[in-house]
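The values are calculated or read from the model by the stated rules, or taken from the named source; none is laboratory data. Bear in mind that the values here come from a model prediction, so they are computed numbers and not experimental data. Every residue, glycine as well, gets a Cβ built from its backbone with ideal geometry; the counts of neighbours run over all protein chains shown.
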Amino acid sequence: MGGLFHKLRHPRRCYVVCTIPRSGSNLLTDGLRDTRRAGMPKQFFLPKAEARYAAELGIDPYATYVRGIVNTKTTRNEVFGFKLMSWYLDDFLARLRAAHDFGNSKTSDHELLCSAFPRLRFLRIVRRHKLRQALSTARALQTGLWKVQKDKSILREPQFDPDLIEQSLHEAERQEKIWDDFFRRIEIKPLKVEYEKLCHDYERTIHAVLNFLTIKLPAGAHVGPPVTTRQADEISRTWEERFLAERPSAYSPASG
């Protein structure tokens with residue numbers, strides 16, 4: 001009976017962190033996970049990650065996989081969170097719809113998601129300074145290091161590549177537009193989290209997100225320091241100055 005009453009006291013609720021690469025989503029989701037009250041938000045529905053999680057849970061059909069993830073990757077207060085990149089959003093929605101358990105061809109995207117993920121709330125993390133985001137993307141593409149942590153080594157030393165940086169700028173614009181169009185289509189205004197504010201006031205920003213999700217921390221609990229290390233350093237600063245000098249028409253600092 002204890003388990004039943006626990007479920008009644010804590011009905012499951014879900015949230016999704018909508019993002020694009022190098023927006024600070026790891027910094028945000030690591031902070032939420034470390035509270036032990038906001039689920040274990042990861043990219044459970046990233047195509048290349050699904051095989052690993054499916055093998056871990058011993059499930060195969062997609063509807064069963066989705067339910068298995070939601071049922072097992074929660075914190076004790078029945079909160080489930082996950083991260084979603086714009087580049088596989090359409091594929092994810094198509095697979096949910098094709099499973100037939102969450103809706104059909106007439107079901108709206110919003111209804112489909114809420115059927116799969118109870119009481120779903122939307123977070124969107126964005127980076128205000130787009131050039132620095134592009135620099136970070138270009139650097140990660142070269143080094144293979146997408147999440148900077150202690151004891152993690154790079155594949156190769158990064159080299160200044162203005163073509164790659166400009167390409168990363170345009171790709172970020174394209175991916176942000178996917179989210180803009182999506183939220184316009186489902187008529188939802190997500191909670192927007194700015195990477196720069198998250199870095200500047202980490203604890204207060206994490207608390208603001210928890211408040212939006214109506215998650216309370218136990219009395220006396222504190223948000224710990226971030227485990228993800230910022231990539232910005234002298235290389236980033238040098239690249240930024242050089243790119244602005246060499247391609248002044250490619251980016252306006254005022255816009256970022």
> Could you give every pair whose Cβ atoms fall below 6 Å, whose first residue belongs to region 199-215 and is more than 12 Å from G31 (Cβ to Cβ), and whose second residue is among the aliphatic types (A, V, I, L, M), counting only separations of at least 6 or pairs across chains?
Replying inline: F212/L191; I215/A38
>> Please verify whether R52 is at pLDDT below 95, surrounded by 15 or more Cβ atoms within 10 Å (Cβ to Cβ) and assigned to a helix (DSSP H, G or I), treating the condition exactly as stated.
In response: no
> So, of the residues in region 73-98 that are part of a strand (DSSP E or B) and in contact with a Gly (Cβ under 7 Å, 6 or more places away or on another chain), which turns out to be farthest from T214 (Cα to Cα)?
Replying inline: T74
> Within region 1-22, restricting attention to residues that are modelled with pLDDT of 95 or more and closer than 29 Å to H129 by Cα, which residue is surrounded by the fewest Cβ atoms within 10 Å (Cβ to Cβ)?
Replying inline: V16
> What number of residues in region 99-119 are part of a helix (DSSP H, G or I) and not small (G, A, S)?
Replying inline: 6
> Give me the pairs: first residue in region 141-164 and in a loop (DSSP other than H, G, I, E, B), second residue loosely packed, with under 14 Cβ neighbours inside 10 Å and at pLDDT 85 or above, beta-carbon distance under 7 Å, and six or more apart or on different chains, which are they?
Replying inline: F160/R242
